[in-house]
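Q: My questions will all concern the structure given below.
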């Protein structure tokens, strides 16, 4: 079986590998064993004094062990804590991700889902006020129940379940109300994509070979936006979406999703933006670090099975289905452009080689758009 690859901007910000089944994770509420590669990098850590102060605000019984949990952002240290009451994951939010209002919105969302038995790590409230976050001068802290799980097994059954759980997420949030206003930006029709392409052009201005690639991606992104807009996306209902639905944000046991993590990207958008990105993430085919050898095609079986899982809970409209290949193109280009514009690379992968790979995949999606729509409708 070909390896599947999560193409996610979190790969660039965390440095996690994108060449594998589920190596990308922007969150880290709970999860499977961290990779050795991520553990080798310099990470933020808790001091002993800091840990003692933080734990004094929670009632989890006598502590039996504390272990560093090196997964996700290196700027957000995490500890796996075993106590008399079970296992927990303690996290200090990274600077820039610790706005109390944004954290409060993400927590309200998670509490809403938890009350409806959605699979996710439950937040542990503070001892005195049962607050879902702890605000101290040293930072903003969260304590979660720890959920053991494995990475995405790449089976059709687990792909189906990933689509099913996304539909369940959407269904449970149809009635979600919050006093905090969520953001609404997305990878669709994002001016930042054009800005990012210009930035890359400046970074690689001495490399004439990259200009045709950047022009192709610019034209392809604009064309995809037009194709989506002709279906009337701007008039479609908006609701809270996850906005980062990829395998690295899920934990599995066997072929079933046992937890979805990382709710920081949640925002108000048409649901199809989540669906298209999920279809891309669970069907894209990668390989090793030689991206020049990655195939251009997606895994059509996984693409179809992901959508069948979604349809089993909530049906897609014909108009939504017709946008899928074009939104996948937008998502693929946007997720590649942003980190490369910022760092010159996509995680550990060279920016130019990665963009050449994206060009091939975009071209394939364009050529096979009608076929993909037929698969989604079938």
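Q: Condition check: more than 19 Å from the chain's Cα centre (by Cα), part of a strand (DSSP E or B) and at pLDDT 95 or above. Does residue 117 satisfy that? So that I can check it myself, show each step before the final result.
A: On the way: more than 19 Å from the chain's Cα centre (by Cα): yes; part of a strand (DSSP E or B): no; at pLDDT 95 or above: yes.
So residue 117 does not fit the description; no.
Q: Here's a check for you: in region 80-113, which residue that is farther than 16 Å from residue 266 by Cβ and surrounded by 20 or more Cβ atoms within 10 Å (Cβ to Cβ) is farthest from the chain's Cα centre (by Cα)?
A: 81
Q: In region 274-295, how many are part of a helix (DSSP H, G or I) and closer than 18 Å to residue 351 by Cβ?
A: 3
Q: Provide a single number: the residues in region 120-142 that are surrounded by 15 or more Cβ atoms within 10 Å (Cβ to Cβ) and in a loop (DSSP other than H, G, I, E, B).
A: Total meeting the criteria: 8.
Q: Every residue in region 209-268 that is closer than 20 Å to residue 321 by Cα and part of a loop (DSSP other than H, G, I, E, B), please.
A: Correct list: 230, 231, 232, 236, 237, 238, 242, 243, 244, 245, 246.
Q: Hey, another quick one. Please give the number of the condition residue 174 fails out of (1) closer than 29 Å to residue 310 by Cβ; (2) surrounded by 13 or more Cβ atoms within 10 Å (Cβ to Cβ); (3) touching a residue at least 40 places away in the same chain (Cβ under 8 Å).
A: With (1) closer than 29 Å to residue 310 by Cβ; (2) surrounded by 13 or more Cβ atoms within 10 Å (Cβ to Cβ); (3) touching a residue at least 40 places away in the same chain (Cβ under 8 Å) applied to residue 174, the lone miss is (2).
Q: Here is a further query. Conditions: (1) touching a helix residue (DSSP H, G or I) at 6+ places or on another chain (Cβ under 7 Å); (2) buried (at least 19 other Cβ atoms within 10 Å of the Cβ); (3) more than 16 Å from residue 98 (Cβ to Cβ). Residue 116 meets all but one. Number of the miss?
A: (2)
Q: For residue 338, indicate whether it is part of a helix (DSSP H, G or I) and outside the structural domain of residue 202 (by TED's automatic domain parsing).
A: Working: part of a helix (DSSP H, G or I): yes; outside the structural domain of residue 202 (by TED's automatic domain parsing): no.
No, not satisfied.
Q: So, one more: Output yes when any residue across region 312-329 is in contact with a helix residue (DSSP H, G or I) (Cβ under 9 Å, 6 or more places away or on another chain), on the phi > 0 side of the Ramachandran plot and either assigned to a helix (DSSP H, G or I) or at pLDDT below 95 (or both), and no when none is.
A: For region 312-329, residues in contact with a helix residue (DSSP H, G or I) (Cβ under 9 Å, 6 or more places away or on another chain), on the phi > 0 side of the Ramachandran plot and either assigned to a helix (DSSP H, G or I) or at pLDDT below 95 (or both): absent.
Q: Same structure, new question: Going by what's in this entry, would residue 342 be described as out of contact with any strand residue (DSSP E or B) (no Cβ under 6 Å at 6 or more places or on another chain) and either without any contact (Cβ under 8 Å) to a residue 60 or more places away in the chain or more than 22 Å from residue 189 (Cα to Cα) (or both)?
A: Against the criterion (out of contact with any strand residue (DSSP E or B) (no Cβ under 6 Å at 6 or more places or on another chain) and either without any contact (Cβ under 8 Å) to a residue 60 or more places away in the chain or more than 22 Å from residue 189 (Cα to Cα) (or both)), residue 342 does not qualify.
The values are calculated or read from the model by the stated rules, or taken from the named source; none is laboratory data. Everything quoted here is computed from the prediction, not taken from an experiment. Counting neighbours? That spans all protein chains shown, and the Cβs are built from the backbone with ideal geometry, glycine included.
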